[in-house]
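Notes follow the structure.
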């Protein structure tokens, strides 16, 4: 797929015919037809029906047309939308990018309510922590812990996620007081490679880095180690309670502020807006304590 073919497609949609588009772009009708044929072949779907009275866009063509501009992001969107039409007549899925815990613990269990309210909707989950896939059009919605800086992206606050220290009953505190001294405990913590995230700054500021006997980039790994009674882990409060773990009193951990991020071009897309609202409701119901 190349930009010249996309430009030809957009011009046919604008003028209503191959001849009108060819004249506007100063190319031959044969060249115009070849570029449209090449575009449809690369996408695997018919974008228009050619009639004696001109060209009429198909459902796939109508879906692709809003993205027919020169940006790389829109080119990726066109490919993804066309692929969804090639596999069936339904609308393209809404692709959501977030971390494994958010997808598995917050969103996936609540899908029934989304599909009940919006029959025919399709969802794709992408486990990722960067914004690059949103900027390039590979996903429609991202959930991140930082506000986007790009002017092409919109970020809206989700419900704040409080964090707490948790242990399993099988883990016996060395300090039995009401406010145990954590310098004598075994900690299960997030990895250094995640950088100066608030949890790691908290650990450093409280002089507890040498008490972390396990460090991981996977929150699920820390959950499993905590459940096994190996030590104390910093977890979202809703998740710690969900797992039946016990709160360990200690200095307050910094809360996480998640953002729902989407491209400015999609702010009025009804399907994507309905999914954004569903995500916000998921956070309110599960995280709002």
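The values are calculated or read from the model by the stated rules, or taken from the named source; none is laboratory data. Because the structure is predicted, anything quoted here is derived from the model rather than measured. Please note: Cβ atoms are built from the backbone with ideal geometry, for glycine as well, and neighbour counts cover all protein chains shown.
Tally up the residues in region 8-21 that are out of contact with any strand residue (DSSP E or B) (no Cβ under 9 Å at 6 or more places or on another chain) and free of Cβ contacts under 8 Å to residues at least 40 places away in the same chain, please.
Number satisfying all stated conditions: 3.
Among the residues of region 212-232, write down those that are crowded, with 18+ Cβ neighbours inside 10 Å and more than 30 Å from residue 284 (Cβ to Cβ).
Matches in region 212-232: 212, 215, 230, 231.
Just to verify a result, which residue in region 238-251, among those that are touching a strand residue (DSSP E or B) at 6+ places or on another chain (Cβ under 8 Å) and part of a helix (DSSP H, G or I), is farthest from residue 140 (Cα to Cα)?
240
Would you please name the residue that is nearest to residue 60 (Cα to Cα), looking only at residues in region 22-44 that are in a helix (DSSP H, G or I) and touching a residue at least 24 places away in the same chain (Cβ under 8 Å)?
The qualifying residue nearest to residue 60 (Cα to Cα) is 43.
From the list 111, 107, 134, pick out the single residue that is closer than 30 Å to residue 234 by Cα and modelled with pLDDT under 85.
Checking each option against the conditions leaves just 134.
Show the residue pairs meeting these rules: Cβ distance below 6 Å; 6+ apart or different chains; first residue within region 256-273 and modelled with pLDDT under 90; second residue not in a strand (DSSP E or B).
264/152; 266/272
Would it be correct to say that residue 235 is touching a strand residue (DSSP E or B) at 6+ places or on another chain (Cβ under 6 Å), assigned to a helix (DSSP H, G or I) and either crowded, with 20+ Cβ neighbours inside 10 Å or at pLDDT 95 or above (or both)?
No, not satisfied.
Which condition number does residue 254 fail, the rest of (1) part of a loop (DSSP other than H, G, I, E, B); (2) surrounded by 18 or more Cβ atoms within 10 Å (Cβ to Cβ); (3) touching a helix residue (DSSP H, G or I) at 6+ places or on another chain (Cβ under 7 Å) being met?
Among (1) part of a loop (DSSP other than H, G, I, E, B); (2) surrounded by 18 or more Cβ atoms within 10 Å (Cβ to Cβ); (3) touching a helix residue (DSSP H, G or I) at 6+ places or on another chain (Cβ under 7 Å), residue 254 violates only (2).
Restricting attention to region 257-279, and to residues there that are in a helix (DSSP H, G or I) and either outside the structural domain of residue 155 (by TED's automatic domain parsing) or out of contact with any strand residue (DSSP E or B) (no Cβ under 7 Å at 6 or more places or on another chain) (or both), which single residue is surrounded by the fewest Cβ atoms within 10 Å (Cβ to Cβ)?
270
If you take the residues in region 185-212 that are assigned to a helix (DSSP H, G or I) and touching a helix residue (DSSP H, G or I) at 6+ places or on another chain (Cβ under 8 Å), which one is nearest to residue 145 (Cα to Cα)?
Among those that are assigned to a helix (DSSP H, G or I) and touching a helix residue (DSSP H, G or I) at 6+ places or on another chain (Cβ under 8 Å), it is 194.
Restricting to region 280-289, give me the number of residues that are at pLDDT below 90 and surrounded by fewer than 13 Cβ atoms within 10 Å (Cβ to Cβ).
Residues in region 280-289 being at pLDDT below 90 and surrounded by fewer than 13 Cβ atoms within 10 Å (Cβ to Cβ): 2 in total.
Only one of 194, 188, 203 is surrounded by 12 or more Cβ atoms within 10 Å (Cβ to Cβ), outside the structural domain of residue 265 (by TED's automatic domain parsing) and under 30 Å from residue 280 (Cβ atoms); which?
It is 194.
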